[in-house]
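Read through the structure below, which is laid out as structure tokens, and then see the notes.
Just so it is clear, none of the values below were taken in a lab; they were calculated from the coordinates. Being a predicted model, the structure only gives us computed values, none of them experimental. As a convention, Cβ positions derive from the backbone with ideal geometry for all residues, glycine included, and neighbour counts pool all protein chains shown.
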Amino acid sequence: MKYSSCFSKTSKTPPTDADSANAKFLIQAGFVDQTMAGVYTWLPFGLAVLRKVEQIVREEMNALGALEIFMPSLHPKEFWEATNRWDNVDILFKIKSQTEKDYALGASHEEVVTPLAKKFLESYKDLPFATYQINTKFRDELRAKSGVLRGREFRMKDMYSFHTTQEDLTAFYQKTLHAYVRAYNRCGLNVKVVEASGGIFTKNPSHEFQALTDAGEDTILACDKCEFGQNSEVATLKEGDACPTCGGVLSIVKGIEVGNIFDLGTKYSDAFDLNFTDENGDRKRVLMGCYGIGTSRLVGSIVEASHDDRGMIWPKSIAPFQVHFITLNSKDDAVRENIMGTADDLVRELESNGIEVLWDDRADVSPGAKFADADLIGIPLRILISEKSLKEDSVEWKERTGTESRLVKLTDLVEEAMQFVKE
């Protein structure tokens with residue numbers, strides 16, 4: 001993609017009301033635009049990151065055998081009344097139509113997926129199964145804050161599993177827990193698995209996943225070797241104790257909650273009379289689990305965990321592009337034509353080999369401004385071609401995580417770039 005053709009651009013100054021790194025950098029770099037408090041438009045670069053994050057999550061859910069669906073965001077009032085949550089969930093957006101009927105905007109989808117399952121579930125032979133969606137959620141937060149970390153409209157992957165026995169539910173719950181850790185790791189995050197309460201969803205025990213970052217809202221007691229963690233407010237252990245899982249040392253760290261999983265038991269099966277017939281012909285309640293990842297929140301969490309004072313530092317797996325290609329103009333027409341022609345050939349070759357390239361081809365922008373934009377946008381690899389580099393038949397290669405640049409021969413660039421992307 002040529003940067004000159006992209007309508008969303010970087011800004012020289014961060015938003016004045018930014019209260020977090022992700023709010024500052026995502027807006028300043030032109031990844032998102034704030035429509036109003038807690039509501040954002042995802043612009044091309046931001047959407048590219050969000051789609052890659054959601055694809056990683058999708059792959060891990062598919063590997064569990066879960067099937068993807070897409071449920072409505074507009075819910076009938078009676079579904080939420082059946083679970084006694086219409087008047088007991090203060091974040092629920094409620095809408096009255098011109099027909100005087102009441103609806104809710106989906107804050108979560110237990111009220112939709114449970115009656116859905118009831119239409120298809122009859123016998124123990126129909127169980128177990130799991131289904132998930134990646135959809136937009138709505139929550140009437142009193143104070144939307146911290147950029148895309150806490151919004152009123154946001155993206156979420158929510159999965160629901162259905163089981164005949166507690167043993168089967170527990171086994172799937174543990175598999176999902178490990179799948180979550182893999183998904184976060186693939187997104188470049190170091191996460192801890194923390195025991196938590198079920199909040200508005202269930203009183204059963206649950207787990208939340210905390211991404212370690214100094215900008216975190218939560219204080220947790222975490223192992224220095226494995227994923228074990230406890231919320232410091234309910235911790236049964238203390239700093240310096242041995243980890244009960246692996247024997248590592250526990251320390252106090254900051255984290256951002258990036259997902260949670262719940263053993264729902266029969267809470268929603270009771271509400272909707274969701275049963276199955278067992279091998280003996282007896283009718284029994286279906287057991288359920290619920291598993292959520294706020295995918296747009298996850299993007300913001302990655303920025304909080306991976307940035308410096310110049311901008312964002314995207315992991316290769318989710319960067320909007322893998323290469324940020326920069327051309328510097330020359331006052332000499334022939335040299336300028338050579339620079340642009342060589343750049344065009346290299347970009348085409350990189351892209352033909354599956355490498356995603358953002359080409360900063362702008363003619364009226366200074367080198368310093370281009371370098372500042374590259375740091376702000378945070379693409380893993382910056383390739384610079386200029387009159388100086390062409391004299392060496394080379395380009396300048398600089399990684400976003402590094403401090404020094406080096407020359408790479410034109411003939412070696414594509415091969416080295418392909419290797420870099422694979423690492």
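Please state the shape class of the range 282-373: rounded when a/c is under 1.5, otherwise prolate if a/b exceeds b/c and oblate if not, all from the C-alpha gyration tensor. Intermediate results must be reported in sequence, preceding the final value.
Values: a/c = 5.73, a/b = 2.49, b/c = 2.30.
Judged from the Cα gyration tensor, the range 282-373 comes out prolate (a/c at least 1.5, a/b above b/c).
Do you know the relative contact order of the chain, to the nearest whole percent, from alpha carbon pairs under 8 angstrom that are 6+ apart?
Working: 841 pairs, mean separation 64.9, N = 423.
For the chain, the relative contact order is 15 percent.
I need the phi-derived Karplus couplings for the range 268-274: 6.51 cos²θ - 1.76 cosθ + 1.60, θ = phi - 60°, integer Hz, Gly and Pro marked x.
Per residue, the Karplus-derived 3J(HN,Hα) values read 8, 5, 5, 5, 10, 6, 8 Hz.
For a test of the definition: using alpha carbon positions, the gyration tensor, and the 1.5 limit on a/c, classify the range 218-337 as rounded, prolate or oblate.
Note, shape of the range 218-337 comes out oblate.
Could you tell me which of the pairs Lys157/Lys284; Lys145/Lys370; Lys175/Lys225; Lys145/Lys175 are separated by over 24 angstrom between their Cα atoms in the structure shown? Present the calculation step by step, with values, prior to reporting the outcome.
Numbers: Lys157/Lys284 29 Å; Lys145/Lys370 30 Å; Lys175/Lys225 20 Å; Lys145/Lys175 33 Å.
Pairs exceeding the cut-off: Lys157/Lys284; Lys145/Lys370; Lys145/Lys175.
Can you run phi through the Karplus equation (6.51, -1.76, 1.60; θ = phi - 60°) for the range 291-305 and list ³J(HN,Hα) in whole Hz, with x for Gly and Pro?
Calculated HN-Hα couplings, in order: 9, x, 9, x, 6, 6, 4, 4, 4, x, 5, 5, 4, 4, 8 Hz.
Within 10 Å of each candidate Cβ there may be at most 12 other Cβ atoms; applying that plus a DSSP loop requirement, which trypsin sites (Lys or Arg not before Pro) in the range 151-195 survive? Intermediate values should be presented prior to the final figure.
Working: sites: Arg152, Arg155, Lys157, Lys175, Arg182, Arg186, Lys192; in loops: Arg152.
Of the trypsin sites (Lys or Arg not before Pro), not one in the loops of the range 151-195 has a Cβ with at most 12 other Cβ atoms within 10 Å.
Please give the peptides 402-411, 116-125 ranked by average Cβ packing (other Cβ atoms within 10 Å per residue), highest first, as a rough proxy for protection.
In decreasing order of mean packing, 402-411, 116-125 become 116-125, 402-411.
Please enumerate, by chain and number, the aspartates and glutamates with C-alpha under 18 Å from the C-alpha of Lys12, excluding those fewer than 8 residues away in the same chain.
Partners within reach: Asp33, Asp308, Asp309, Asp360, Asp364, Asp373, Asp375.
Can you tell me which aspartates and glutamates have their Cα less than 20 Å from the Cα of Lys94? Leave out same-chain residues fewer than eight positions away.
Once the sequence-local aspartates and glutamates are set aside, what remains near Lys94 is Glu78, Glu81, Asp102, Glu110, Glu111, Asp140, Glu141, Glu153.
Would you grab the residues whose amide H sits under 5 Å from the one on Phe228? Only those 5+ places off in sequence or on another chain, please, with H modelled 1.01 Å from N.
Val193, Cys223
Go through 344-351, 88-95, 215-222 and give me the packing order, highest mean Cβ count within 10 Å leading.
Details: 344-351: 16.2, 88-95: 14.2, 215-222: 20.1.
Averaged packing, sorted descending, gives the order 215-222, 344-351, 88-95.
Taking 18 Å as the cut-off for C-alpha to C-alpha distance, list the pairs among Lys331/Lys409; Lys391/Lys422; Lys192/Lys316; Lys388/Lys409 that go past it.
Listed pairs above 18 Å: Lys331/Lys409; Lys391/Lys422; Lys192/Lys316.
If the reach is capped at under 17 angstrom between alpha carbons, list the lysines near Lys96, excluding any in the same chain fewer than eight residues apart.
Correct list for Lys96: Lys77.
Take the alpha carbon gyration tensor of the range 94-138, find the square roots of its eigenvalues, order them as a ≥ b ≥ c, and report rounded if a/c is under 1.5; if not, report prolate when a/b exceeds b/c, else oblate. Each step should come with its number before you reach the end.
Values: a/c = 4.74, a/b = 1.98, b/c = 2.39.
Verdict is oblate for the range 94-138.
Can you work out ³J(HN,Hα) from phi for every residue in the range 150-155, in order, using Karplus 6.51 cos²θ - 1.76 cosθ + 1.60 and θ = phi - 60°, giving whole Hz and x for Gly and Pro?
Coupling constants for the range 150-155: 9, x, 8, 9, 7, 9 Hz.
Hey, can you rank 288-295, 265-272 by average C-beta count inside 10 Å, highest first? Intermediate results must be reported in sequence, preceding the final value.
Working: 288-295: 24.4, 265-272: 18.5.
In decreasing order of mean packing, 288-295, 265-272 become 288-295, 265-272.
Please state the charge dipole magnitude for the chain, taken about the Cα centre, from unit charges on C-beta atoms (+1 on K and R, -1 on D and E), reported in debye and rounded to the nearest 20. Present the calculation step by step, with values, prior to reporting the outcome.
Numbers: 51 positive and 66 negative charges, 105 e Å.
In debye, rounded to 20, the chain gives about 500.
Let's see if you can work this out: charge +1 on each Lys and Arg Cβ, -1 on each Asp and Glu Cβ, no other charges. What is the dipole magnitude of the range 323-422 about its Cα centre, in debye to the nearest 20?
Working: 13 positive and 22 negative charges, 58 e Å.
Here the range 323-422 has a charge dipole of around 280 debye.
Using only helices, what value at 222 nm comes out for the chain when you add -39,500 (n - 2.57) per DSSP H run of length 4 or more and divide by the total residues, to the nearest 500 deg cm²/dmol?
Working: 11 runs with 128 residues, N = 423.
Value at 222 nm, helices only, nearest 500: -9500 deg cm²/dmol.
List the cysteines in the chain whose Cβ has no other cysteine Cβ under 4.7 Å from it.
Cys6, Cys187, Cys290
Below 8 Å between Cα atoms, with a sequence gap of 6+, how large is the relative contact order for the range 174-245 in percent?
Numbers: 81 pairs, mean separation 17.8, N = 72.
Once divided by the residue count of the range 174-245, the mean separation gives 25 percent.
Using Cα-Cα distances under 8 Å and only pairs 6 or more residues apart, what relative contact order does the range 323-422 have, in percent?
Working: 133 pairs, mean separation 31.1, N = 100.
It comes to 31 percent, rounded to a whole number.
Give me, ordered by chain and number, the residues 5 or more places off Gly311 or on other chains with an amide H under 5 Å from its own placed amide H.
HN-HN under 5 Å from Gly311: empty list.
Looking at the range 323-422, what % of its DSSP beta bridges pair antiparallel, to the nearest 5?
45
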